[in-house]
Amino acid sequence: GGDPHFFGFGGTFFTWQAHCDVILLKSPKEYEDDTNLEVHIRTTKVRKWSKIDAIAFAAGDDIGEINSEDAKLILNGREIDDLNNASFSVIKSKVRGKIYLYTFKFPKEKIMQVKVNTRSSMIYVTTKGRYPDGTQGLLGSPRNPGLVSRDGVKMQSKEVNAFGESWQVRDNDR
């Protein structure tokens, strides 16, 4: 959400302000009937704080995005509200006013909720469930919590900018 505040795996809390695209998490396919998942977020600076204003994801062969202005889910080039396929299911619901919630369920008990406030143009992302050992990203890893950079270096909370910058989306990311 605003400023953005992050709670990574293991309860690691940090605040990181930036204007860029970063990898929130990459979760590999653990079993044959599982789905690999990669989630990117766009953070935007607004005066002296930042917000998450867009999210993009790849789940199996599907590519999707949601922006904070209209809360539309675009999946493989088409606008959808609900879906149930082999890679994942998603349900859109209106929470109240101009707040919408997408609940994504992936195989093997992985859940991601994306709450979009179109009035404030902010997105909130929550992950729950069983993410495999190889999961990594800005949220860290379920088996190695804390601020761990893309190259595996354990960072201190005072190095949060270097940590966040290590997870910026690169040309060779999906």
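Of note:
- Between the amide H of Leu24 and those of Val39, His40, Ile41, Leu138, distances stay under 5 Å, these residues lying 5 or more places away or on another chain, with hydrogens modeled in the peptide plane.
- In plain terms, the chain from Glu32 to Thr12 could stretch by 4.1 nm, reckoned as 0.36 nm per residue minus the Cα-Cα distance.
- In this structure the amide hydrogen of Trp16, modeled in the peptide plane, comes within under 5 Å of the amide hydrogens of Phe6, none closer than 5 places in sequence on its chain.
- Value at 222 nm in deg cm²/dmol, rounded to 500, when DSSP H runs of n ≥ 4 in the chain each add -39,500 (n - 2.57): -1000 deg cm²/dmol
- Rounded to the nearest 20 debye, the dipole magnitude of the chain is 800 debye, with +1 charges on Lys and Arg beta carbons, -1 on Asp and Glu beta carbons, and the Cα centre as origin.
- Phi-derived couplings, Karplus 6.51 cos²θ - 1.76 cosθ + 1.60 at θ = phi - 60°, listed residue by residue for the stretch 20-25: 6, 9, 10, 7, 6, 7 Hz, with x used for Gly and Pro.
- From the coordinates of this entry, Cα extents along the principal axes in Å is computed, and it appears in (1) 45, 35, 28; (2) 44, 41, 30; (3) 62, 33, 29 under the label (2).
- Computed from backbone phi with θ = phi - 60° and the Karplus coefficients 6.51, -1.76 and 1.60, the 3J(HN,Hα) list for the stretch 134-143 is x, 5, 8, x, 4, 7, x, 9, x, 9 Hz; x is used for glycine and proline.
- Amide H contacts of Ile63 (H built 1.01 Å from N, in plane; Pro and chain starts excluded): Asn76 sit under 5 Å, all sequence-distant by 5 or more or on other chains.
- The label point for Asn84 and the one for Lys105, both projected 7 Å from the Cα toward the Cβ, are 0.8 nm apart.
- Vicinal HN-Hα couplings computed from phi for the stretch 48-59 (Karplus, 6.51 cos²θ - 1.76 cosθ + 1.60; Hz; Gly/Pro x): 9, 8, 10, 8, 8, 10, 7, 9, 10, 8, 10, 10
- Of Lys98/Lys154; Lys105/Lys158; Lys110/Lys154; Lys48/Lys115; Lys48/Lys92; Lys94/Lys158, pairs whose Cα-Cα distance is over 28 Å: Lys98/Lys154; Lys105/Lys158; Lys48/Lys92; Lys94/Lys158
- Cα gyration tensor, the stretch 81-148 - rounded (a/c under 1.5), prolate or oblate: oblate
- Relative contact order (percent, whole number), the stretch 38-174, Cα cutoff 8 Å, 6+ residue spacing: 14 percent
- Once the 1.4 Å probe is applied to the protein heavy atoms, the stretch 1-140 comes out at 49 Å² accessible per residue.
The values are calculated or read from the model by the stated rules, or taken from the named source; none is laboratory data. Note that the structure is a prediction, hence the values are computed from the model and not measured. No Cβ is skipped: glycine too gets one built from the backbone with ideal geometry, and neighbour counts run over all protein chains shown. With ligands, DNA and RNA removed, areas are computed over all heavy atoms of the protein, side chains included. Shrake-Rupley method; radii C 1.70, N 1.55, O 1.52, S 1.80 Å.
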